[in-house]
Each structure stands twice: as structure tokens, then as C-alpha cells.
Ligand SMILES: Nc1nc2c(c(=O)[nH]1)N[C@H]1C(S)=C(S)[C@@H](COP(=O)(O)O)O[C@H]1N2
Ligand SMILES: [Mo]
């Protein structure tokens, strides 16, 4: 046999092309991964596919690179001060790839609060400082002569096709073997099925976990002291109390948490559009910020906000404290972290609230 290993090695581009490709793919993995956290509508399915394809390509090029440097890694005299960082980088990238593939295929981990997806995100974020440290010690510019235009283009096209095929094969495998990922949505989130009977876990407060994005954990809201303020670009700023919120509207809607689970529930409450109409939205208004008692908040385009529900009930039960009593936002098509709990203010504005990106991370601290 004329060594398949040697033939495989010839598939790889020049060393610097491999290295810069790894950098580019790491950036693409980070970008698609972060964007995917905010993607909840089926139109975004391509983003999740792209994240998977980038992962497969990273794995292939990482393998090519490790093969190239294996000799140096085995020789202690070839180590320098920066080598440990490089090894750690490769290790964490490999762990991010393994946990990502494991999640996609349906693996589960026995960490009761953390899902394998959470672990994947943690490793993925850890790659960032490691790559920066690795790059600062090992930076080599890409030269024109490293690139073999036509062949490298073919290589990349092949890599993308192989990536798509691998991701599709993985999905098919998860379904064929009926793993925990068999019923996953395009977001990778799995139906909650803690009792393991193969059907989703029923209705109401007990059917799905109380979840915080980071650390939001307010004391129970006192219904007598609480009010919902509606202000900003409205004709009449108003305050509603719990007595003003009889459940008039209802939606069956899917809550998809970025920890990797989803649940379909019947929600009832007051249509945000009705609340806005009562206050009289001014012509120049474009965005609506929904804010929690903790400062946690998110902003939505006016038209979308109108369709959202300020829910007081789930599955026919009054919301429990953990699920957002007295009022939580239900915004179908948005990821769970945007379904603000313990709402106390609705502010109508001209622009989105960019502070939301920080507020959702720090509100509980
Ligand atoms: N104020 C506030 N609202 C919040 C959160 C939070 O931490 N604080 N967590 C969000 C997240 S990450 C999700 S998935 C859903 C979970 O809703 P649940 O706790 O009712 O399951 O609420 C969202 N609303
Ligand atoms: Mo979440």
C-alpha cells in the first residue's frame, strides 16, 4: 500500500495556510456560536449548520496541524516557554469540538444543572484568550507563496462539502439510534423529558425548570407593592397593578432555552399590544424595552412587541415566583433568555436598548 497516511498528509495546504485557517475557523466558530444563542426562528437554521460545518473543518485542520507538530511536541528539547500555552490551546479546542459533537449526537452528562451544551460553550469561550496568547507568541504572517490559489480553493470546497455531509450524517445517526438529540430542534434544544417516557413533560409550573441566564434571583415580588409602569414615547404613562392583569389572551408557545431544552406551554395573560394601545404609542416610537425588577431587560421592535404576551399564567396555573410571578414576557420565536421574568416596566423608545447586552449578564450580581 502506498501509505494512506502520506496521501492524507498531501491533502493539507501549506503549514501557514493551515495555521491561519485554524485562526479564521476559530473566529467563525465563535461568531456563529454567539449569534446562534440569539437565533430562535427556523430561518436561522443555516447558522446552526454553519457552526457544525466550521467545527468539522476545525477538527480536520487541527488533526493536520497536530500531525505536523507531533515530532516537536514529543521532543522535550524542542519545547520553549510558549509551548505549554500552545498545547493548552490545542487541548481546549479539542474539548470544545468533542463536547460540541457530543451534544449534536445526543450525549448527556450527569451534571444536574449544566448541560453538555453549557460545557461546550465554556470551552468555546476559553479558546479565545488561549488563541490570543498562542498567537502573540507564534505569530507568522501569511505570505503569498504559502497560498496555492486553485488547489487551496478546491481544498476548502471539499472541506465544506465534507463538513455538511458529516453534520447531516450525525443528525441522521442521532435519529437512527434514537439518542437524546433525536427530537432536537434546529437550535439543538431537546424536548424536556425528565421522566423519560418519550413524551414532553406536561403542563404548568412544574413541567419545566426555573432558569436564570446568569444569576438573577430576586426575592418574591410583593403583589401589593408591585406595579407595571408603561412609559417612554406614549401619550399617557400608566401604572398597572396585579388587579389590572386578568388573563384575557392566550398563546401556545415554545420556550427554547440556550441551555439546550425546550418546552411547549399554554400561556395566558395580557397582550402587550393592548397595554401599549391603552397608553397610546407615539408616532416616532420604534422599539419597546421590557424590564425586570432586577434590571434584566431586552428590547423588541414595536410590531413584534405588540404580539408578545405579558403572561400571568402557564398551563392554567398562576405563574410561580420562579417562573416570573406576577408577569413574564412570552415572545414566540425568541430564545428563552429574552422572555423577561418579573416584569415591572415597559418603555417605548425610538431605538433599541444596547445596555441590554450587559444588563442580562450583570443584573443578578
Ligand atoms: N429577569 C429575568 N428573566 C429571565 C431570566 C433571568 O435570568 N432573569 N432567565 C431567562 C432564561 S435564560 C430563560 S431560558 C427563561 C426561563 O424561564 P423559566 O425560568 O420560567 O423556565 O427565562 C428568561 N427570563
Ligand atoms: Mo435560558
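Quick notes
- Residue match in region 201-208 (condition: at negative phi, within 16 Å of ligand 2 (Cβ to nearest atom) and not in a helix (DSSP H, G or I)): yes
- Only one entry in 343, 348, 314 is more than 10 Å from ligand 1 (Cβ to nearest atom) and either surrounded by 23 or more Cβ atoms within 10 Å (Cβ to Cβ) or within 22 Å of the chain's Cα centre (by Cα) (or both), namely 348.
- Restricting region 345-364 to residues that are without any contact (Cβ under 8 Å) to a residue 40 or more places away in the chain and more than 16 Å from ligand 2 (Cβ to nearest atom), the residue that is farthest from residue 309 (Cα to Cα): 358
- Per-region count, region 219-259, residues within 16 Å of ligand 2 (Cβ to nearest atom), outside any loop (DSSP other than H, G, I, E, B) and at pLDDT below 95: 0
- Given (1) under 24 Å from residue 361 (Cα atoms); (2) within 16 Å of ligand 2 (Cβ to nearest atom), index of the condition residue 265 fails: (1)
- Within the set 301, 332, the sole residue that is farther than 20 Å from residue 206 by Cα, more than 10 Å from ligand 1 (Cβ to nearest atom) and out of contact with any helix residue (DSSP H, G or I) (no Cβ under 9 Å at 6 or more places or on another chain) turns out to be 301.
- Pairs with Cβ under 7 Å, 6+ apart, first in region 252-275 and under 24 Å from residue 192 (Cα atoms) and free of Cβ contacts under 8 Å to residues at least 24 places away in the same chain, second more than 10 Å from ligand 1 (Cβ to nearest atom) and outside any loop (DSSP other than H, G, I, E, B): 252/264; 252/266
- Among the residues of region 273-294, not a single one is within 29 Å of residue 183 (Cα to Cα) and within 15 Å of ligand 1 (Cβ to nearest atom).
- Applying a threshold of 9 Å to beta carbon distances and a minimum spacing of six or more residues, or different chains, the list of pairs starting in region 321-340 at a residue that is closer than 19 Å to residue 38 by Cβ and ending at one that is in a helix (DSSP H, G or I) and within 14 Å of ligand 2 (Cβ to nearest atom) reads 329/338; 331/338; 335/37; 337/37; 337/360; 338/360.
The values are calculated or read from the model by the stated rules, or taken from the named source; none is laboratory data. For clarity, every value in this text was computed on a predicted model and none was experimentally measured. Virtual Cβ from ideal backbone geometry, glycine too; neighbours counted across all protein chains shown.
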